[in-house]
Amino acid sequence: MRPVVFLDRDGTLNEEIGYIHDVSMLNLISGAAESVVKLNTANVAAILVSNQTGAARGFYTEDHIKLLNDRLVKLLESKGAKLDGIYYCPHLETGKVTEFSIKCRCRKPEPGLVEQAFQEHSDLDPKKAYVVGDKASDVALADNCGAKGILVKTGYGQAVMDGRYQYKVEPAYTAHNITDAVDWILKDLAK
Ligand SMILES: [Mg+2]
Ligand SMILES: [Zn+2]
């Protein structure tokens, strides 16, 4: 059984710049690819779990979400980093586009994406699971699926810590960035 790290996308792996209309504007946070390589080398699964409401809001199509994810994968792969799975929630209850405007079980902090990953990857150890993200909803996801939550200060992370965004959470660890988060996880697993 492999430990698993569920990774948020925007503000965690790539720079938070709001809704990304131009695919080429998606760029990695410094150290992100190297951190995923560390997970790959340690045989820890790295799985993307991302809320993507741009299609539900009518900003772009679902295909555009896939193109953004493809760009992320390409940037990671160019530095030898591999994701073991990609899961996203395109839903938003109050969205504009009917097909995506539902109350679902996969919008973080709901645990649907993580549950789907465990169903599709039988080698993942739910007792050695982590969620890394820049929002309170990422840490709450960890709480909702029995994982350890790590809040990164990149993206919205600092604003969450300061109480200026979303709500208060108590992560297992607050990390400067993805590099610090992954180093902490690998130490925690070695305990
Ligand atoms: Mg994020
Ligand atoms: Zn959903």
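Annotations
- LEU48 being of a type in the set (A, V, I, L, M), under 20 Å from CYS104 (Cα atoms) and modelled with pLDDT of 95 or more: yes
- Residues being β-branched (Val, Ile, Thr) and closer than 19 Å to CYS89 by Cβ - total across the range 134-164: 1
- The condition (being among the basic types (Lys, Arg), closer than 25 Å to GLU15 by Cβ and away from ligand 2 (no atom under 16 Å from the Cβ)) is satisfied by just one residue among ARG107, ARG164: ARG164.
- Figure legend. Inter-residue proximity from the range 36-59: first residues within 20 Å of GLY11 (Cα to Cα), second residues within 14 Å of ligand 2 (Cβ to nearest atom) and assigned to a strand (DSSP E or B), beta-carbon distance below 6 Å, spacing 6+ or different chains. Indicated pairs: VAL49/TYR87; SER50/TYR88; ASN51/CYS89; GLN52/TYR88.
- Meets criteria (at pLDDT 95 or above and in contact with a Pro (Cβ under 9 Å, 6 or more places away or on another chain)) for ASN40: no
- If you filter the range 148-171 down to residues that are small (Gly, Ala, Ser) and without any contact (Cβ under 8 Å) to a residue 40 or more places away in the chain, you find that the one that is nearest to ligand 1 (Cβ to nearest atom) is ALA159.
- Hits in the range 155-179 - residues which are farther than 18 Å from ALA142 by Cβ and among the charged types (D, E, K, R): ASP162, ARG164
- Residue match in the range 26-41 (condition: in a helix (DSSP H, G or I), among the acidic types (Asp, Glu), more than 16 Å from ligand 2 (Cβ to nearest atom) and closer than 25 Å to GLU120 by Cα): no
- Unmet requirement for ALA159, which otherwise passes all of (1) farther than 17 Å from VAL4 by Cβ; (2) of a type in the set (Gly, Ala, Ser); (3) within 14 Å of ligand 2 (Cβ to nearest atom): (3)
- The C-beta contact set for the range 1-24 (first residue surrounded by fewer than 16 Cβ atoms within 10 Å (Cβ to Cβ), second residue part of a loop (DSSP other than H, G, I, E, B) and basic (Lys, Arg), distance under 9 angstrom, 6+ apart or interchain) comprises TYR19/ARG57.
- Screening the range 97-191 for strands (runs of 3 or more DSSP E) wholly inside it with 3 or more residues that are out of contact with any Phe, Trp or Tyr (no Cβ under 8 Å at 6 or more places or on another chain) returns the ranges 124-133.
- Consider the range 90-125 and keep the residues that are surrounded by 14 or more Cβ atoms within 10 Å (Cβ to Cβ) and within 22 Å of LEU189 (Cα to Cα). The one that is nearest to the chain's Cα centre (by Cα) is VAL114.
- Taking every residue in the range 97-112 that is within 16 Å of ligand 1 (Cβ to nearest atom) and pairing it with any residue that is in a loop (DSSP other than H, G, I, E, B), at least 6 positions away or on another chain, the pairs with Cβ-Cβ distances below 6 Å are ARG107/HIS91.
- In the range 66-85, the count of residues that are among the hydroxyl-bearing types (Ser, Thr, Tyr) and not in a loop (DSSP other than H, G, I, E, B) is zero.
For (1) more than 16 Å from ligand 2 (Cβ to nearest atom); (2) farther than 20 Å from VAL139 by Cβ; (3) not small (Gly, Ala, Ser), each residue gets a yes or a no:
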| position | (1), (2), (3) |
| --- | --- |
| ALA55 | no, yes, no |
| ASP63 | yes, yes, yes |
| LEU67 | yes, yes, yes |
| LEU72 | yes, yes, yes |
| HIS91 | no, yes, yes |
| LYS103 | no, yes, yes |
| LEU113 | no, no, yes |
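The values are calculated or read from the model by the stated rules, or taken from the named source; none is laboratory data. Source: prediction; values computed, not measured. Note: ideal-geometry Cβ built from the backbone for every residue, glycine included; neighbour counts use all protein chains shown.
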